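Asks: Dropping the structure in here first, questions after.
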Amino acid sequence: MRFDSASLTTERFLADFWQRHPLLVRQAFPGFEPALDADDLAGLACEELAEARLVTGSFP
C-alpha cells in the first residue's frame, strides 16, 4: 500500500495513527539538515542518562 502524505491532516493522523500504528513518511521535511551526525547521535544514545535509545536497522 502506498501512503499519500499530501492527504494526511492533523485530524487523520490523530485518529488513524497516533499511538496506534507506526508511520514512516519519507522526505517529510525536504532539505532538512540534522543538527547531529550519526556518530553524535549514537554517542548520545549510549549515555546512561539518556531517556531514549537509538534503534537502527533495515526495515521493509
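Asks: Along Cα→Cβ, 7 Å out, is where each label goes; now give me the distance between the ones at PHE59 and CYS46 in nm to one decimal.
Replies: The answer from the label model is 2.3 nm.
Asks: Can you sort LEU24, LEU36, LEU41 by how many other beta carbons sit within 10 Å, fewest first?
Replies: The most exposed by this proxy come first: LEU24, LEU36, LEU41.
Asks: Which ³J(HN,Hα) values, rounded to whole Hz and listed in residue order, are derived for the range 38-44 from phi using the Karplus coefficients 6.51, -1.76 and 1.60 in 6.51 cos²θ - 1.76 cosθ + 1.60 with θ = phi - 60°, glycine and proline given as x?
Replies: In residue order, the calculated couplings are 4, 5, 5, 5, 5, x, 5 Hz.
Asks: 222 nm [θ] for the chain, helices only, -39500 (n - 2.57) per DSSP H run of 4+, per residue, to 500?
Replies: -7000 deg cm²/dmol
Asks: Which residue, chosen from LEU44, PHE17, GLY57, occupies the Cα position most advanced towards the positive end of the dipole of the chain, where the dipole is computed from +1 (Lys, Arg) and -1 (Asp, Glu) charges on Cβ about the Cα centre?
Replies: The listed residue farthest towards the positive side: PHE17.
Asks: Above 17 angstrom, tally the Cα pairs of the range 5-46 and express them as a % of all pairs, no decimals.
Replies: 54
Asks: Moving on to the next point. With only Lys, Arg, Asp and Glu charged, each at its Cβ (+1 for the first two, -1 for the last two), find how big the charge dipole of the chain is about the Cα centre; round to the nearest 20 debye.
Replies: Its charge dipole is roughly 480 debye.
Every number in this text was worked out from the coordinates using simple rules, so none of it is lab data. For clarity, every value in this text was computed on a predicted model and none was experimentally measured. A quick note on method: Cβ atoms are made from the backbone with ideal geometry, for glycine too, and the neighbour counts reach across all protein chains shown.
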